[in-house]
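The values are calculated or read from the model by the stated rules, or taken from the named source; none is laboratory data. Given the structure is predicted, the values throughout are model-derived calculations rather than measurements. Cβ placement follows ideal geometry from the backbone for every residue including glycine, while neighbour counts extend to all protein chains displayed. Surface areas here come from the heavy atoms of the whole protein model, side chains and all, with no ligands, DNA or RNA. Shrake-Rupley method; radii C 1.70, N 1.55, O 1.52, S 1.80 Å.
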Amino acid sequence: MTGEQPSTKQPSSEGQATTRPATGEQPAEGGTNAGAAAQGEAPANANEAPILDSQKDVVRKRKGRQPAGQNENGQAGVEQGGNQAGQQGGAQAEQRPAAVDQGPPPTDDKAAQQAIKPEKLVPVTEEKGKRIELTPEQVVRERRRPQGADVVKQFGDRVILQFNNQTFVESNEAPRITRGARDVYYEDLPRGRTRETVERENGVKIVTIRNRNGDIVQRSRITPDGREYVLSYVDERYYQDVDDWRDPGDDLPPMRLDISRRDYILDSEEVEDPDEYYTFLEQPPVERVQRLYSIDEVKRSARVRDIARRIDLDTLNFDFGSATLSDTEVQKLEGVATAMDKLLKKNPAETFLIEGHTDAVGTPDANLALSDRRAEAVAEALTNAFGVPAENLTTQGYGEEYLKVNTSSPNRENRRVAIRRITSLVAPVASNEQ
């Protein structure tokens, strides 16, 4: 994405100007050999970031970077580096298991889930619930947050949270999921969980169970004939303490890839035939999945996300500081939308993660909020213009945390939206076979 256009007054992502010389459009710096194996290690070119987000995460944790911000009382936070935060991040990196050669990537999604012990799936509607009077907005306001999570700042409907030496943006997916619904209602379930049911005009129901933190632990689409398609399912026993979230990627060894960068990341500007999107998206994860994760765990864990291949929509253009897509830009999504539709015809329970990213110009917090809105804009376009069901899409902004090109200058390649098919990370594939 060309995104923010540099000028003599280079604004932050939310329009706050900072003086910066006019440098023009930044060219791609570095460039990766498409035929080289992606090992997830820092490249020789200093301006070229590592291929894997988890490798960038390790560097960040070692530095112990905690972006400055404001707490709920409006008091300025302090940016930490080295010292206690750095030692904590380094300790986390050292605790990770040693690298293991898993062999070639799985041949399909079933093979990717071979290590997962079969679980007896409980229908999403089986438990008896107590009807409660809540609106989608109230559900978001009343969600609990992990212990130690601090609200750093709020940008409209985006909340910036900081915990476990990481910073996240939190948003509300309800407007996308519930739009046009015939009815939306909520029920209390045991152990502090909540069940949301969205009834559509065509008779389809989208049923979602969230834990006390608001994390999605189960989501299904139920068709008018009673067939249940499981979009997300996680064994809650993996949440040892609902108040203390930890990165599940810390249980995994550093990733090793024995495939080329082109087989792992598809840049849309290199796509010559739209069918390439389908061929790429249908490929399985690059390593076996050790357990099913919640959608929120995948969003928060770079190491877990890295298991899924990635499409970089680097041909999309947003106006500077804007999350609005013009009609011309929306049409650029037709190829990937067609691929999604084709995949959904084979498996209606596919789940796609839409990631938003910015360059490093502006404040980290504002960039998080902006990137999240841009990810949402792409998801809205895929649904409104091309009919991709909203429940098959989940979004998350990462701001400048995972730069594609390692530079603090304005850079087009860093201003991008990315797509991963995360189905085999969040749902038992075999249960959805038609």
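Remark: spin-label model distance Ile259-Glu126 equals 3.4 nm, labels positioned 7 Å along the Cα→Cβ axis. Rolling a 1.4 Å probe over the protein heavy atoms gives segment 195-273 an accessible area of 42 Å² per residue.
Surface composition of segment 168-227: carbon and sulfur make up 45 percent of the accessible area, probe 1.4 Å. Ordered from highest to lowest accessible area with the whole protein assembly present and a 1.4 Å probe, Lys56, Lys342, Lys128 read as Lys128, Lys342, Lys56. Straight-distance candidates among the lysines for linking to Lys56, with alpha-carbon spacing under 22 Å and chain neighbours fewer than 8 residues away dropped: Lys299, Lys404. Measuring only protein heavy atoms, the 1.4 Å probe finds Lys130 accessible over about 140 Å². Note on Lys332: lysines with a C-alpha under 20 Å away, same-chain residues under 8 apart excluded, are Lys342.
Surface composition of segment 315-434: carbon plus sulfur atoms hold 47% of the accessible area, using a 1.4 angstrom probe and ignoring ligands, DNA and RNA.
For Arg227, the solvent-accessible surface with a 1.4 Å probe is about 70 Å², rounded to the nearest 10.
With both labels modelled 7 Å from their Cα along Cα-to-Cβ, the Asp235 to Asn317 distance reads 5.1 nm.
Pop the C-beta distance of Thr328 and Lys110 into the FRET formula with R0 = 41 Å and round what comes out to the nearest 0.05. Between Thr328 and Lys110 the formula returns 0.55.
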